[in-house]
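Q: Structure in structure tokens, see below.
What follows draws every value from the coordinates through simple rules; no lab data is involved. As the structure is a prediction and not an experimental result, all values here were calculated from the model. Neighbour counts run over all protein chains shown; Cβ positions are idealised from the backbone, glycine included.
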Amino acid sequence: MIFARDLVGQIATALAVDGLILRGGFRFTDGEAAPTGPSGASAKSALLVGQAGAAPWPYFQRWLEQQARDIANPLDTWSREVIGSVAQGCDARAVSPSDRPYLPFQQWAMRAEGLKPSPLGVLMHPQYGLWHAYRGALLFEDEISFPEPHAAIHLCDICVEKPCLKSCPVDAYSGQGFAHEACLDHVRGSRGEPCRVGGCLDRNACPYGTSYRYPPEVQAFHMAAFARL
């Protein structure tokens with residue numbers, strides 16, 4: 001078993017150059033259907049890579065300015081390049097949440113950080129609130145020792161008012177799940193400008209992690225990608 005202090009520190013330093021952070025890790029259990037590592041053998045350990053707030057945005061923007069204007073899925077492409085480069089330097093395989101077939105990134109994230117979903121589906125973080133993301137993972141064929149995630153208070157359990165379920169003009173989030181088509185129709189329609197310009201109103205209504213809230217231009221970028229505007 002490899003003890004991860006030096007390895008994790010080196011990887012964290014390499015990711016920080018582009019505003020990314022490590023989001024915890026875990027070991028696959030015996031008999032688990034794990035994805036493959038860099039040589040094609042089953043992975044034994046995973047490190048999740050992501051962001052807190054909009055820290056990667058300026059690095060991504062500088063990269064984007066140097067690319068063809070019609071590049072598809074630019075944020076995914078940038079994330080793959082950055083995380084893939086780090087993977088090459090630490091004998092790991094880089095994978096992305098948008099890879100097909102889809103990998104269970106949300107389950108991995110809950111496993112690595114001990115988080116739970118908010119009513120909006122985004123995992124609630126005790127520090128970042130809803131303003132964080134997972135951009136990829138590094139898969140290793142060695143068993144790496146990680147500390148157990150701390151049991152965090154699930155902030156949604158102590159939130160009485162639930163403003164995240166009261167701010168959407170079309171009630172896109174409810175106990176019945178996410179009304180995808182209703183959300184898209186509204187965002188694309190004549191009354192959807194507040195969402196297009198400033199992001200999801202329900203997400204912005206959450207009282208937690210507000211110091212990490214994405215700036216309007218970042219939220220507008222993500223909303224345009226979601227709605228294919």
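Q: Give the cross-link partners of residue 44 among the aspartates and glutamates, using a straight C-alpha distance below 15 Å as the criterion and excluding same-chain residues fewer than 8 apart.
A: The qualifying aspartates and glutamates are 30, 32, 91, 141, 142, 143.
Q: A follow-up question, please. With angles folded into 0 to 90 degrees, how steeply does helix 5-16 sit against the dominant principal axis of the chain? Use alpha carbons for both and round to 10.
A: Orientation of helix 5-16: about 40 degrees from the principal axis.
Q: Taking only C-alpha pairs under 8 Å that are 6+ residues apart, what is the relative contact order of the chain in percent? Could the numbers behind the result be given before it?
A: Values: 360 pairs, mean separation 54.7, N = 229.
Across the chain, relative contact order equals 24 percent.
Q: Cross-link candidates for residue 116: which lysines have Cα within less than 17 Å, leaving aside residues fewer than 8 places away along the same chain?
A: 162
Q: Using Cα centres only, tell me the gap between region 87-117 and region 189-220 in whole Å.
A: 26
Q: Here is a follow-up. Give me the angle, in degrees from 0 to 90, between the Cα long axis of helix 216-227 and the longest principal axis of the Cα atoms of the chain, rounded to the nearest 10.
A: 90
Q: Continuing with this model, one more query. Work through the residues other than residue 29 whose Cβ is under 13 Å from its Cβ and net out their charges, Lys, Arg +1 and Asp, Glu -1. Spell out each step's value before the answer.
A: Details: positive: 27, 44, 111; negative: 30, 32, 143.
Local charge sum for residue 29: 0.
Q: Follow-up question, since we're still on this one. Per DSSP H run of n ≥ 4, the term is -39500 (n - 2.57); total these for the chain, divide by its residue number, and report the mean residue ellipticity at 222 nm rounded to 500 deg cm²/dmol. Intermediate results must be reported in sequence, preceding the final value.
A: Working: 8 runs with 77 residues, N = 229.
That comes out to -9500 deg cm²/dmol.
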